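Read-outs: derived from the displayed coordinates by stated rules, not from any lab. Keep in mind that what you see is a predicted model, and the values were worked out from it rather than measured. Cβ: placed from backbone, ideal geometry, glycine included. Neighbour counts: every protein chain shown.
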Amino acid sequence: MAHINEQNWFIVWLDVSVVMVGIFLGMQVTNWNEDRKENDLRRIYNERLIVDFNNERKGAQARVDYFSGTQLYGYQALNYLEQSSSQRKPSADIIIAFMMASGRWENSSNQNTYNELINSGRINLLGNFTLRDVINQYYSDNTTRMVEFARMSAYFITIRSIIHPIIQEEILNSCEEIDGVLQVIIHIKPSCHIEISPETIAQTIKEITDHPTLKSELNYLISQLRYNNALYFEQISSASYSLKLLTAKEL
C-alpha cells in the first residue's frame with residue numbers, strides 16, 4: 001500500500017509478481033505432491049495385482065492338474081463297470097478309483113485388491129483403459145466360473161454315500177497332498193494304496209456295482225470334468241493376458 005501511495009508502480013508490479021509466483025509455486029508443489037501420491041498408489045496397486053494374477057494363474061493350473069487326475073481315476077472306475085461280472089476283480093485299488101473320481105476342490109479367488117479399487121473409486125488409477133476392461137471382465141467371468149464349479153455332482157453324492165467315511169478319509173490322506181499356507185494347492189497322486197479287509201472290499205464293490213444310476217452319473221462327471229478344465233484353461237489365458245498388461249513398460 002505504501003508503494004501504491006507513493007505511485008511507485010515498478011515496485012507495485014514487482015510485489016504483485018512475487019505474490020503470484022508464490023501462489024503458482026505453492027499450487028505446483030501441491031500438484032506435484034498429489035501426482036506423487038497417485039503414482040505411488042498406482043505402483044502399489046499394480047504390484048498387488050501382479051501378485052494376485054500370478055496366484056490366479058497358478059491356482060487355475062493346479063486345478064487343471066488335479067481334475068485331470070480325477071478324470072483318469074474316473075476312466076479306471078468306468079472301465080471296471082463296463083467289464084462283465086466274471087472279469088471284475090474287486091480290490092482296494094478299484095475302491096480308490098471310484099472314490100478319487102469324485103475328488104472335489106472348489107474354485108477360489110482373491111479379489112481383495114480389485115474390490116478395494118472398485119469400492120474406493122480408484123479403478124482409474126490403472127490408467128490404461130484396456131487393462132481396466134480386461135481386469136473387470138476377468139473378475140466378472142470368475143464369478144460365473146465359481147458358480148459352475150460349486151455345483152455338486154450326483155456322482156459325488158452317490159459314491160460318498162456308499163463308501164464308509166473312515167475309508168474315504170484313509171483314501172484322501174493317502175492319495176492327496178496339500179501344500180501352501182495363504183494359497184492352498186492340492187496335488188492328486190496317480191497311484192496310492194490303503195489297507196482294507198477283503199470282506200469290506202467285497203461289500204463296498206457290490207454296493208457300487210449294484211447301484212442303478214452310478215454308471216450314468218460317472219459318465220456325466222467325466223464329461224463335466226472336461227468342460228471344467230476348458231474353463232480353467234480360459235482362466236489361465238485371461239490371467240496371463242492381464243499380467244502381460246500389468247507388466248507392460250508403458251504402465
Where a ≥ b ≥ c are the square roots of the eigenvalues of the C-alpha gyration tensor, would you call the range 180-246 rounded, which needs a/c under 1.5, or, failing that, prolate if a/b is larger than b/c, or oblate?
oblate
Over all alpha-carbon pairs of the range 136-251, lay out the pair-distance distribution in 5 Å bins, whole %, shortest bin first.
2, 8, 12, 15, 19, 14, 10, 7, 5, 3, 2, 1, 1, 0
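For a quick protection proxy, order the peptides 61-71, 174-184 by their average other-Cβ count within 10 Å, most packed first. Spell out each step's value before the answer.
Values: 61-71: 18.9, 174-184: 12.2.
Peptide ranking by packing, descending: 61-71, 174-184.
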Please report the Cα spread of the range 37-101 along all three principal axes, rounded to whole Å, starting with the longest.
75, 17, 9
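On average over all directions, what projected area in square nanometres does the range 62-129 have, based on the convex hull of its Cα atoms? Don't skip to the answer; put the middle values down first.
Values: hull surface 28.9 nm².
Approximately 7.2 nm², given one-decimal rounding.
Of the listed peptides 95-106, 77-88, what is their order by residue-averaged count of other C-beta atoms within 10 Å, with the highest listed first?
On the way: 95-106: 21.6, 77-88: 12.7.
Ranking the peptides 95-106, 77-88 by packing returns 95-106, 77-88.
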Looking at MET99, ILE185, TYR139, which one has the Cα that reaches farthest to the positive end of the dipole of the range 92-251 (charges on Cβ: Lys, Arg +1; Asp, Glu -1)?
TYR139
Sticking with the crude label model, points 7 Å out along Cα→Cβ, report the distance from SER240 to SER108 in nm, one decimal please.
2.5 nm
With a point put 7 Å past each Cα toward its Cβ, work out how far ILE123 is from GLN183 in nm, to one decimal.
2.4 nm
